[in-house]
Amino acid sequence: MENIFNNIKYLVGNEDILKNIAKVPPLPLFSDLVVDFFNSLSRRLMSKEIKGESDIFTLGFWLRRASLELAKKSYIDAEERIGWGMVFHIAPSNIPIQFAVSLVYALISGNASVVRVSNKKFHQVDIICREINECIKEYPEIAPYILIIRYDHNDAITKALSAWCDARLIWGGDNTINTVRLSPIPPRSIDLGFADRYSFTVIDADAYLKLNKEKVANDFYNDTYFSDQNACSSPRLIVWIGINVAEAKKTFRKSLKAQTDKRYKMSDIAASNKLLTTALAAIRFDDAKEIKEDNTAIWLEISNLEEDIVHYKENSGYFFEYTAGNLEEITVILKKECQTITYIGDLGEKLRKIVISSGARGVDRIVPVGRGMDLSLVWDGIDLPLALSRQISVV
Amino acid sequence: MNYEKILKLEPFGITQAEKESLFLGELTKLIEFHRKNCEKYNKILQTFGYESAQSVSDLPFLPARIFKESELISVPKEEIFKTMTSSGTTGQKVSKIFLDRDTAANQQKTLTRIVSNFTGKNRLPMIIIDSPSVIKNRAMFSARGAGILGFSIFARKKIFALDENMNLNFSVLKEFISEHKNEKIILFGFTFMIWQYFYKALKSIGENLFMKDAILIHGGGWKKLANEKVSSMEFKAALKDVCGNIAVSDYYGMVEQTGCIYMECEKGHLHASTYSDIIIRKPHDFSVCNIGENGIIQVISLLPKSYPGNLILTEDEGELLGIDNCPCGRKGKYFRVNGRIKNAEIRGCSDTFNR
């Protein structure tokens, strides 16, 4: 048992902490220790030394005391709740800061955490872990609760940690989730899988034409190109409604191009991937039409909305486009895979009504364009502080 | 001009300017043929918005991976007599290329025209640096097996240098070489196999074949050898070190355009033949690169008829070295392959845990 852990690299914590991690006492929801710790981390993540890392800044902003205390208010029974114990996290490889978000969910809920980060090297991971280590010096009482580790694919380690955990959070594709689930967890432990999802945008063309185009383009860029259009919440399809759709499309493409020309460097392989997606989409969807100025943005106009569009997920700037006669047409694609609808125009409540009245299995978030990457304690329809804690009822 | 007539042209004898006008005409006709006979291809060109083109570089091209994701056929299914697959590793999708008799025959004829420009008209004794088991299983007709069978046509007499378990058959090899010591000998194999099971084996037993006149033709790519940090120069020097006086010629080719290989000349340059061509494109917008500029390699061939594979964007990067002016005297474009397109740094799919 001992030697399997020799292959672990510790970004935060050490082997002694690992040996005790399943025994540390759980904490209440939003405990003072955790809120103080995050508040200090927040200041560090938003400090001047870490410049130009907008995702780290977003994380820091989310962890401010004011923001956490506001969030706490919606948990009216917080005083009656306590964490399950230890949470084992398998972090994803597409979003650099997601490992930290997952850690936040567990700590806020009162749990100790073992976070396995992807072997893909992200500088954001190094920065955040460095700052966490600094904060632990300030709050040594939290040290037994945080382990951030890397290890190569190793079933023995995954098995051991799974066998210890009270809850397991797996972020990744279907294959990742199925592979990790081959390692059993104790009978009463909780297993949450955050699989790859599909997201799309709905734009009211007439409302869009009244807005500041540059700001919209910047917002849309942040939801898409910023993470190579590879986040679960990155839209892959734009559904246009309204009267002046043709004009709006043209303006939208032009102002987005102004953003990508300034900020985006596409990988070479993306050019080849996009060509393949166009060819495959052409075979699948009748009368599809490819529009592009160069390979940075490919617009694929389709003339029918069919449910398997959710399987066509290209990245790095590849957008299917559909012009709908009415908003209800989107119901065919509200499948279980659907996560986020971002929108422009006065559409939020209308979209929620459609999701609920059509009895859709999918769509957990409806947010304005630009807020696709927002952090939230509710994710994929799950209220994490509730899911990761137990309520102690007294009668 | 039908393909028979084109094959009569000298394999490296026509200038780029002559080739451009020949290719524009022929490819335009081929595209129309495939559009009529392959509905999927027709839909792809509709989506691209292709109607006509004024130059070869404006003609529409397919991504090489489409042959892994979709079955594209331009003749009635009953005319397909052979399906070739790429040699993907287990679990990976493989390319499927559908051949009718004409296209298969033209592949062999084209290969013969190109390679005999390097080896001469006569058939020669041949050493295949591979295991005979590769061609035994005809049901699994892989690119490796197809390459060996294709090149076997240049053999008057042939032996396999490796046994079923990829061990070097040194005594057989030695005997064959001494039997043909006054003749030119062809050695053929795949770059990595040659390095791993032939060169390393000879080196480890400390033997030299002392060949007097031989040409080693090898292909299949450098990816695995690049992992071992072996360059083309080192490969050549190493092989000469264990074989004696031999010429070493790499070739570039792919299952999607079997037969139309790009041979390396005495100056170390890969050459497009009269029957095929390359265009180097910029990833940013697929516009054409200048000489010396690295980009994605597009391959063009007049050969494919039973499937729409005349214009294909590969996933390799390379650069054009020159046109019509290689010191070896061959006309047309000559180029270098710089490896596979890097696919590392896109933040990628979130599957971190998958093997």
> Identify, please: which residue in segment B:252-299 is of a type in the set (Asp, Glu) and over 16 Å from the mean Cα position of the chain (by Cα) and is, among those, nearest to the other protein chains (Cβ to nearest Cβ)?
Replying inline: B:285
>> Out of the residues in segment A:366-389 meeting the condition of being touching a Leu at 6+ places or on another chain (Cβ under 6 Å) and either closer than 14 Å to residue A:84 by Cβ or without any contact (Cβ under 8 Å) to a residue 60 or more places away in the chain (or both), tell me which one is surrounded by the fewest Cβ atoms within 10 Å (Cβ to Cβ).
In response: A:366
> Across segment B:9-20, what is the number of residues that are touching a helix residue (DSSP H, G or I) at 6+ places or on another chain (Cβ under 9 Å) and either among the polar types (S, T, N, Q) or in a helix (DSSP H, G or I) (or both)?
Replying inline: 2
> Does residue B:293 fit the bill of being crowded, with 18+ Cβ neighbours inside 10 Å and either of a type in the set (Asp, Glu) or more than 25 Å from residue B:85 (Cβ to Cβ) (or both)?
Replying inline: no
> What are the residue pairs meeting all of these: first residue in segment A:330-352, first residue of a type in the set (Gly, Ala, Ser), second residue at pLDDT 95 or above and crowded, with 20+ Cβ neighbours inside 10 Å, Cβ atoms under 6 Å, and 6 or more apart or on different chains?
Replying inline: A:345/A:204
> In segment A:149-181, what residues are part of a helix (DSSP H, G or I), surrounded by fewer than 20 Cβ atoms within 10 Å (Cβ to Cβ) and within 11 Å of another protein chain (Cβ to nearest Cβ)?
Replying inline: A:155, A:174, A:175, A:178
>> Going residue by residue through segment B:57-73, is there one that turns out to be of a type in the set (Lys, Arg), in contact with a helix residue (DSSP H, G or I) (Cβ under 7 Å, 6 or more places away or on another chain) and within 14 Å of chain A (Cβ to nearest Cβ)?
In response: yes
> Tell me, which strands (runs of 3 or more DSSP E) lie completely within segment A:30-148 with 2 or more residues that are crowded, with 22+ Cβ neighbours inside 10 Å?
Replying inline: A:86-90, A:112-116
> So how many residues does segment A:304-325 have that are more than 19 Å from residue A:253 (Cα to Cα) and touching a strand residue (DSSP E or B) at 6+ places or on another chain (Cβ under 7 Å)?
Replying inline: 5
> What number goes with the only condition from (1) touching a strand residue (DSSP E or B) at 6+ places or on another chain (Cβ under 8 Å); (2) within 14 Å of chain B (Cβ to nearest Cβ) that residue A:94 does not pass?
Replying inline: (1)
> Restricting attention to segment B:240-275, and to residues there that are in contact with a helix residue (DSSP H, G or I) (Cβ under 7 Å, 6 or more places away or on another chain) and assigned to a strand (DSSP E or B), which single residue is farthest from residue B:198 (Cα to Cα)?
Replying inline: B:263
> Do you know which of the residues in segment A:210-240 that are among the small types (Gly, Ala, Ser) and within 15 Å of the chain's Cα centre (by Cα) is surrounded by the most Cβ atoms within 10 Å (Cβ to Cβ)?
Replying inline: A:234
> Residues of segment A:97-128 being among the small types (Gly, Ala, Ser) and either within 14 Å of chain B (Cβ to nearest Cβ) or over 20 Å from residue A:8 (Cα atoms) (or both), which ones?
Replying inline: A:102, A:106, A:109, A:110, A:118
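The values are calculated or read from the model by the stated rules, or taken from the named source; none is laboratory data. A quick note: this is a predicted structure, and the numbers were derived from the prediction, not measured. When we count neighbours, we look across all protein chains shown, and the Cβ atoms used for this are built from the backbone with ideal geometry, even at glycine.
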